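Presented below is the structure to which this report refers.
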Amino acid sequence: MQTLIANKIRQQVDAVCAAFNMSAEIKFNPENPGYPVTFNTETETALAQQAATAVVGADSIRTKPTPSMGSEDFAFMLQEKPGCYIWIGNGSSENSCLLHNPHYDFNDDILAVGAAYWVTLVKMALAD
């Protein structure tokens with residue numbers, strides 16, 4: 001996926017340069033290519049959605065959240081094994097801060113929901 005993105009960036013830069021009779025040099029750091037795309041696989045995503053729906057109901061599930069440009073180390077695991085990265089619904093970051101911040105305050109009120117989700121997910125996965 002990173003190669004595809006790099007190629008698309010090169011195509012866009014080449015097109016702009018051609019339109020304005022310019023040239024550009026693009027350098028990507030081969031020693032630190034960054035994080036891969038966090039890609040959820042279809043089967044695992046369907047199972048995760050089914051488990052979440054069983055726990056909190058379909059009205060509480062957001063299947064099309066606003067995309068994030070943040071990176072996630074779970075993406076490396078998803079390159080090795082199929083899976084699904086979810087957001088459990090910790091609440092708004094308004095007047096607070098996001099994860100990976102020393103001032104982050106986890107919403108303890110969702111602990112039971114999170115535990116119920118994982119138990120339900122495992123039961124559903126093992127039932128097959």
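The values are calculated or read from the model by the stated rules, or taken from the named source; none is laboratory data. Small disclaimer: the values here were computed from a predicted structure and weren't measured. Here the Cβ positions follow ideal geometry from the backbone for every residue, glycine too, while neighbour counts run over all protein chains shown.
Among the residues of region 83-100, just one is touching a residue at least 24 places away in the same chain (Cβ under 8 Å) and either among the hydroxyl-bearing types (Ser, Thr, Tyr) or farther than 24 Å from VAL55 by Cα (or both), namely TYR85. The condition (being closer than 26 Å to ASP73 by Cα, at pLDDT below 95 and polar (S, T, N, Q)) is satisfied by just one residue among THR38, THR45: THR38. The residue that is surrounded by the fewest Cβ atoms within 10 Å (Cβ to Cβ), counting only those in region 1-35 that are of a type in the set (Val, Ile, Thr) and at pLDDT 90 or above, is ILE26. Looking across region 60-77, just one residue is touching a Pro at 6+ places or on another chain (Cβ under 8 Å) and either at pLDDT 95 or above or surrounded by 12 or more Cβ atoms within 10 Å (Cβ to Cβ) (or both), and that is ALA75. Looking at LEU4, is it outside any loop (DSSP other than H, G, I, E, B), under 30 Å from ILE110 (Cα atoms) and not aromatic (Phe, Trp, Tyr)? Criteria not met by LEU4. The residue that is nearest to THR38 (Cα to Cα), among those in region 78-128 that are in a helix (DSSP H, G or I) and acidic (Asp, Glu), is GLU80. Taking each residue of region 1-17 that is over 13 Å from LYS27 (Cα atoms) and looking for partners that are surrounded by 10 or more Cβ atoms within 10 Å (Cβ to Cβ) with beta-carbon atoms closer than 6 Å, six or more apart or interchain, yields MET1/VAL37; GLN2/PRO33. Before we move on, is VAL55 hydrophobic (A, V, I, L, M, F, W, C), over 30 Å from LYS123 (Cα atoms), modelled with pLDDT of 95 or more and surrounded by 14 or more Cβ atoms within 10 Å (Cβ to Cβ)? No, not satisfied. Among the residues making up region 35-77, those that are over 20 Å from LEU99 (Cα atoms), in contact (Cβ under 8 Å) with a residue 40 or more places away in the chain and not in a loop (DSSP other than H, G, I, E, B) are GLU44, LEU47, ALA48, GLN50, ALA51, ALA52, ALA54, VAL55, VAL56.
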